[in-house]
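Some notes on the structure that comes next.
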Amino acid sequence: MTVACYARVSTADQQLDRQIESITDYAQNRLDASLQDVDIYRDKSTGTDTDRSGYQALMDAADAGDIDAVIVHQVSRIARSVSDLESTAERLRGSGVELHIISEGLQMTPDSQDPYQKALFQMLGVFSELEAEIKRQNVREGIAARRQSDEYRHGRAPLGFDKENGELIQQPQYHQICEVLDQVVRDELSQRQAAKQINSSRRTVRRAINERPELYGL
């Protein structure tokens, strides 16, 4: 069996090691695949659409019949919208390729007719898209709430923001910072590692998580 492992992070500064380790362990222990039969596809970009070089190479390999199964660590790594997730699943199914999503414990096989499995898969896509939208809404509400505080008017701009004419403006690295802080909350990174990745201090990271989580969708 030839297995494709797909891993994605949102920015070039983030590391894929943990995802790849989790996926290759799954391939060896659950699918009885040797490392020689595991191909790794990776992207360092957002998952808001499928215009990603690693993703496109993965799907081309599936279309060509070069792989038998695709493994991802979690559903949001391969798609962030219901439509993208469904089109990915249908394309893999049409090519006779299995799809395994580790964290959700889901396996989609090309010949499966299980309506419950299909419904669960669709629900995962809905929740992934909903999670992304909730985070965006929380950030909007967090900024609106900060406008009422003295700190907003007179204090320094929070991590990942600049101040322009009294308004908070997201810096170019804002989305990277959100991803890194989220990894800290999920115990995937230490505060020291996070501070190093975003060129900040542990104190600033700790304050962002504990005092200003609404600004980062946490």
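Identify, from the list LEU120, LEU92, the residue that is at pLDDT 65 or above and part of a helix (DSSP H, G or I).
Exactly one of LEU120, LEU92 is at pLDDT 65 or above and part of a helix (DSSP H, G or I), namely LEU92.
State which residue is surrounded by the most Cβ atoms within 10 Å (Cβ to Cβ) when the search covers only the stretch 30-52 and only residues that are part of a helix (DSSP H, G or I) and either at pLDDT 90 or above or among the charged types (D, E, K, R) (or both).
So in the stretch 30-52, the residues part of a helix (DSSP H, G or I) come out as 30, 35-37.
Now narrow it down to the ones that are either at pLDDT 90 or above or among the charged types (D, E, K, R) (or both): 30, 37.
Values: ARG30: 13, ASP37: 15.
Looking at residues that are part of a helix (DSSP H, G or I) and either at pLDDT 90 or above or among the charged types (D, E, K, R) (or both), I get ASP37.
The values are calculated or read from the model by the stated rules, or taken from the named source; none is laboratory data. The model shown is predicted, which means the values in this text are computed figures rather than measured ones. When we count neighbours, we look across all protein chains shown, and the Cβ atoms used for this are built from the backbone with ideal geometry, even at glycine.
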